[in-house]
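Have a look at the structure below, then the notes.
The values are calculated or read from the model by the stated rules, or taken from the named source; none is laboratory data. Nothing here was measured: the structure is a model prediction, and the numbers come from that model. As a convention, Cβ positions derive from the backbone with ideal geometry for all residues, glycine included, and neighbour counts pool all protein chains shown.
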Amino acid sequence: MVRAYSVDRRTIYFLAVLMLYIAFQIACTANVFAYLPDGFRTENMYHILAQNLMSYGSYALGEPPALEPSTFRPPLYAFVLSLAYLIFGAQEIVGVVMNNVFLTATLVLVYLIGRRINPGIGLLAVVLLMLDTIFLAQANRNQSDLLFCFLLTLSTWCFLNSFSARRHAVWLIIGCFALALAVFTRAAAMYLWLPVSISLIIAFWQRLPVRHIVMFVAAVIIIQGAFVVPWMMRNHALTGNSDYAGMKGFHLTSFWAPLLVGKRLGVSPLKAKKMISDNTQSDPALPNSEDQGRYEAYMVARGQQLILDNAAYILPVLLDNIPRMFLSYASEPLVVFLSPQRFDAWQGIDKRLDKISFGTSPWDVERRIALLRTFWDDGLISVLGYGFIVKFVNSVIFVMAFVGIWLMVRSGSRQWRDTAWFIFLVYGCITLISLLTTQGRFRVPVMPAFALTASFALQYLWQKYREKWRFRRRVQASN
């Protein structure tokens, strides 16, 4: 039988908070469409892919008769989007509404995962996520981030249930398919089979026969391979290059290598990117871009060589990218509630800041001061003020997440220990991958797990404080 969850006081609180958040989601999305009919700006790739899938059955960019089959990204989001277009019409508003549904479903899953430990932890984790505007910012873009986040969170819920439920295999198989679908959405999850497998070994060691554990690990690898391998074969048939995501070379040379070269030379990543591009274009060995497979292979090799040549700067760049990933602030969901005049002022802020010369570090104080002055002059200081709240909350989550993992491992509870190891291994892996060439949106899939362990730590510390306070009260009363 499926385990029935009793409706306790904290679950009622969660449902009340969720309803309020959904109301805010609806209001935010309505205001977004009032200013931006297609949602917040994207590179518009998925919309075109979904349209071509719906109309011509081809995962391709461009328009007929010049359709160009794409190998750039895994196809699941475009497939899901094309189905939604088929039902509701091929407008980007459909993708935005769909992503808001994925966001709501993710919050429900976060609560259910937290409730396995304590309903209060699930509720606090959800509230912490609701305070971060990056989720609403990505939910109102026609992009794959929220589907990826939902599938990764779903797989986590299933795997954690498999650790403690009687039907280990059922939950594990569902988790394997959810993880494979996440990989089929974003290539960043492609290597998660390894930390997931390690976490399965930790959870089931000395609890199940070794042959069962081997079968579980094999299921993770086989089910992911069933999605990944055919896609790589398809890409190889098109271009002669079997890379799972064809944008690999572009990312290496345009995002990752410029950070390392810029750090070494003390110049901005944009300037380093131009230097790399100029050197690449002048290389006589550069294949013609029309030969997609050879061109991509060349770019991958060049990017890897640049990274090896500047490997000493990997750690400093990773440290620089931590605040970029976890502390960046998405103000879009708030500014859509402003008047048209202030919204226009907000849209022009980046152009005004680009005219000011800044250092290359994300810790640059001069840039922070200029940003503060610009928001003040444009009457947007309240928007920036909420940004400080987001940065503070995310700083607490980032620090407390690791404290929570440590406390859960040391707790003596096998369920808590297994949960902590899973989150540390799986989400630590995807965090390291995301920190290579990071943007604020890359924190979306990892924050649900970190919010859960951070909530555990905060509740633990709060209980210790209350126990200490009560002890002092008893001592004072006895005196």
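Per the conditions (1) closer than 18 Å to residue 112 by Cα; (2) over 38 Å from the mean Cα position of the chain (by Cα), the sole criterion not satisfied by residue 446 is (2).
Please indicate, with yes or no, whether at least one residue in region 49-68 is without any contact (Cβ under 8 Å) to a residue 24 or more places away in the chain, within 21 Å of residue 244 (Cα to Cα), charged (D, E, K, R) and in contact with a strand residue (DSSP E or B) (Cβ under 6 Å, 6 or more places away or on another chain). Looking through region 49-68, at least one residue is without any contact (Cβ under 8 Å) to a residue 24 or more places away in the chain, within 21 Å of residue 244 (Cα to Cα), charged (D, E, K, R) and in contact with a strand residue (DSSP E or B) (Cβ under 6 Å, 6 or more places away or on another chain). Out of the residues in region 148-177 meeting the condition of being of a type in the set (S, T, N, Q) and more than 25 Å from residue 78 (Cα to Cα), tell me which one is farthest from the chain's Cα centre (by Cα). The extreme case among them is 164. Where helices (runs of 4 or more DSSP H) fall wholly inside region 67-167, the ranges with 3 or more residues that are touching a Ser or Thr at 6+ places or on another chain (Cβ under 7 Å) and closer than 20 Å to residue 12 by Cα are 92-115, 119-130. Of a type in the set (Ser, Thr, Tyr) and at pLDDT below 95: does that describe residue 6? Spelling it out, residue 6 is indeed of a type in the set (Ser, Thr, Tyr) and at pLDDT below 95. Of 49, 20, all but one fail to be buried (at least 17 other Cβ atoms within 10 Å of the Cβ), in a helix (DSSP H, G or I) and at pLDDT 90 or above; the exception is 49.
The set of residues in region 370-404 that are hydroxyl-bearing (Ser, Thr, Tyr) and surrounded by fewer than 17 Cβ atoms within 10 Å (Cβ to Cβ) comprises 382, 386, 395. For residue 235, indicate whether it is in a helix (DSSP H, G or I), buried (at least 18 other Cβ atoms within 10 Å of the Cβ) and polar (S, T, N, Q). Here the answer is yes, as residue 235 does meet what is asked.
Based on this model, can you work out whether residue 11 counts as touching a Lys or Arg at 6+ places or on another chain (Cβ under 9 Å) and part of a helix (DSSP H, G or I)?
Details: touching a Lys or Arg at 6+ places or on another chain (Cβ under 9 Å): yes; part of a helix (DSSP H, G or I): yes.
Yes; evaluated as a whole, the condition is true for this residue.
Of everything in region 350-385 that is assigned to a helix (DSSP H, G or I), over 30 Å from residue 265 (Cβ atoms) and in contact with a helix residue (DSSP H, G or I) (Cβ under 6 Å, 6 or more places away or on another chain), the residue that is modelled with the lowest pLDDT is 375.
Considering region 236-256 alone, what residues qualify as being farther than 21 Å from residue 277 by Cβ and of a type in the set (S, T, N, Q)? Quick ask: steps written out before the conclusion?
Initial filter on region 236-256 (farther than 21 Å from residue 277 by Cβ): 236-240, 242, 244.
Within region 236-256, 239, 242 meet the criteria.
Table: residues versus (1) closer than 30 Å to residue 133 by Cα; (2) in contact (Cβ under 8 Å) with a residue 12 or more places away in the chain.
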{"position": "274", "(1), (2)": "no, no"}
{"position": "278", "(1), (2)": "no, no"}
{"position": "294", "(1), (2)": "no, yes"}
{"position": "298", "(1), (2)": "no, yes"}
{"position": "305", "(1), (2)": "no, no"}
{"position": "319", "(1), (2)": "yes, no"}
{"position": "324", "(1), (2)": "yes, yes"}
{"position": "343", "(1), (2)": "yes, yes"}
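Looking only at residues that are among the charged types (D, E, K, R) and over 18 Å from residue 194 (Cβ atoms) in region 411-446, which one is surrounded by the fewest Cβ atoms within 10 Å (Cβ to Cβ)? Per the criteria, the residue is 414.
Filtering region 178-211 to residues that are more than 19 Å from the chain's Cα centre (by Cα) and either on the phi > 0 side of the Ramachandran plot or without any contact (Cβ under 8 Å) to a residue 40 or more places away in the chain (or both) leaves 197, 201, 205, 206, 207, 209, 210, 211.
Would you tally the residues in region 307-317 being over 30 Å from residue 131 (Cα atoms), touching a residue at least 24 places away in the same chain (Cβ under 8 Å) and not aliphatic (A, V, I, L, M)? Matching residues across region 307-317 total 2.
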